[in-house]
1. In what sequence, highest mean first, do 160-169, 88-97, 64-73, 110-119 appear when ranked by Cβ atoms within 10 angstrom?
2. Multiply the residue gap between residue 167 and residue 181 by 0.36 nm, knock off their C-alpha separation, and tell me the result in nm, one decimal place.
3. Starting with the highest mean, order 143-149, 170-176 by the number of other Cβ atoms within 10 Å, averaged over the residues of each peptide.
4. How would you rank 138, 178, going from fewest to most other Cβ atoms within 10 Å of each one's own Cβ?
5. Between residue 63 and residue 143, how high is the FRET efficiency from 1/(1 + (r/R0)^6) when r is the Cβ-Cβ distance and R₀ = 25 Å? Nearest 0.05.
């Protein structure tokens with residue numbers, strides 16, 4: 001399995017269970033509007049919520065004196081009256097067509113996270129990125145992450161942070177299995 005070199009690279013289920021609010025992973029009315037009802041879509045939503053809860057724990061641990069405040073699309077952390085962290089779940093209500101699911105702004109520095117989830121029986125080694133997402137990842141470089149959520153929808157869920165996937169690919173540490181080529185006449 002590919003893992004990033006960032007400090008949050010791979011968290012076991014046990015480590016995350018202790019800090020994640022599992023009840024927050026249940027659907028809300030606004031999120032149901034987004035769901036098309038398919039099992040795949042439910043897994044995607046669950047994984048995105050799991051990643052959001054992971055980030056809450058990560059930043060709450062990083063800024064223990066900070067005040068965590070829920071926002072319409074995620075959360076913010078304030079420290080001494082200053083907004084230190086903002087996390088936006090971009091597609092919470094409906095798909096906005098962005099190349100990422102979560103936007104994190106820490107001390108004014110943005111990062112973008114695309115969440116890819118699979119259930120226990122799902123294909124654990126492949127994730128699908130569209131060409132425009134790969135282009136965005138390439139443009140953003142170290143500011144782009146793929147959060148890979150394994151065993152989504154179960155207590156055994158875990159998250160791997162794949163930071164800067166285009167660089168990992170260039171270094172030979174990530175393999176692209178399929179490529180679609182568009183020929184314009």
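1. Details: 160-169: 19.7, 88-97: 15.7, 64-73: 11.6, 110-119: 21.2.
Final packing ranking: 110-119, 160-169, 88-97, 64-73.
2. On the way: separation 14, 0.36 × 14 = 5.04 nm, distance 2.10 nm.
Between residue 167 and residue 181, full extension yields 2.9 nm more.
3. Values: 143-149: 23.1, 170-176: 10.6.
Those peptides, ordered most packed to least, come out 143-149, 170-176.
4. On the way: 138 15, 178 6.
The fewest-first ordering by Cβ neighbours comes to 178, 138.
5. On the way: r = 20 Å, r/R0 = 0.80.
Working from the Cβ atoms, E equals 0.80.
No value in this document is a laboratory result; all are computed from the given coordinates. Keep in mind the model is a prediction, meaning the values are calculated, not measured. Heads up, the Cβs are rebuilt from the backbone with ideal geometry, glycines too, and the neighbour counts pull from every protein chain shown.
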